[in-house]
1. Thr66 - would you say it is more than 17 Å from Gly101 (Cβ to Cβ), of a type in the set (Ser, Thr, Tyr) and without any contact (Cβ under 8 Å) to a residue 40 or more places away in the chain?
2. Test Ala34 against the criterion of being in contact with a strand residue (DSSP E or B) (Cβ under 6 Å, 6 or more places away or on another chain), under 21 Å from Arg98 (Cα atoms) and of a type in the set (A, V, I, L, M), and give yes or no.
3. Exactly one of these conditions fails for Gly18: (1) at pLDDT below 95; (2) touching a Cys at 6+ places or on another chain (Cβ under 9 Å); (3) open to solvent by 30 Å² or more (accessible area, probe 1.4 Å). Give me its number.
4. So which pairs qualify, if the first residue must be in region 37-62 and within 22 Å of Ala15 (Cα to Cα), the second must be acidic (Asp, Glu) and surrounded by fewer than 17 Cβ atoms within 10 Å (Cβ to Cβ), the Cβ gap must be under 8 Å, and the two must be at least 6 apart or on different chains?
5. Could you list all residues from region 30-60 that are closer than 25 Å to Gly93 by Cβ, more than 9 Å from the chain's Cα centre (by Cα) and open to solvent by less than 60 Å² (accessible area, probe 1.4 Å)?
Amino acid sequence: MARPYFGSKTPIPFAHRGGAKRWPENTLLAFQKAAELGYRHIETDIHSTFDGELVCFHDSTLDRTTNGTGNLRDRTLEQLQRLDAGYRLAVDGSYAFRDAGVRI
């Protein structure tokens, strides 16, 4: 029998990337909303920027989730924070997070 995570005998819910199907993934907004729903554990990803800063971001490129393109590692933190992290997320056919100030 596999040993459960953290010694628990019941499943432990994780908000994957902070709730990637509801909010722009790996953003402070997603983490806050997941916590409001009662999640105690959040799965996230970390990447290093060109200037050596760490950011929560899943992909190595910016294209899938932001209005930017190219490799994340080729941008400084300042450059990344200018991008729209909610740009490509469609929920129920609406781009409600586009231009809403959600940043990396």
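The values are calculated or read from the model by the stated rules, or taken from the named source; none is laboratory data. Just so we're clear, the structure is a prediction, and the values are computed from it rather than from any experiment. Reconstructed Cβ throughout: ideal geometry from the backbone, glycine too, with neighbour counts over all protein chains shown. Just the protein is used for accessible areas: all its heavy atoms, side chains included, with ligands, DNA and RNA removed. Shrake-Rupley method; radii C 1.70, N 1.55, O 1.52, S 1.80 Å.
1. Details: more than 17 Å from Gly101 (Cβ to Cβ): no; of a type in the set (Ser, Thr, Tyr): yes; without any contact (Cβ under 8 Å) to a residue 40 or more places away in the chain: yes.
Considered against the rule, which asks whether it is more than 17 Å from Gly101 (Cβ to Cβ), of a type in the set (Ser, Thr, Tyr) and without any contact (Cβ under 8 Å) to a residue 40 or more places away in the chain, Thr66 comes out as no.
2. Details: in contact with a strand residue (DSSP E or B) (Cβ under 6 Å, 6 or more places away or on another chain): yes; under 21 Å from Arg98 (Cα atoms): yes; of a type in the set (A, V, I, L, M): yes.
Yes; evaluated as a whole, the condition is true for this residue.
3. Just one mismatch for Gly18, condition (3).
4. As it stands, the answer is Cys56/Asp45; Phe57/Asp45; His58/Asp45, since those pairs meet every condition given.
5. Within region 30-60, Ala34, Asp59 qualify.
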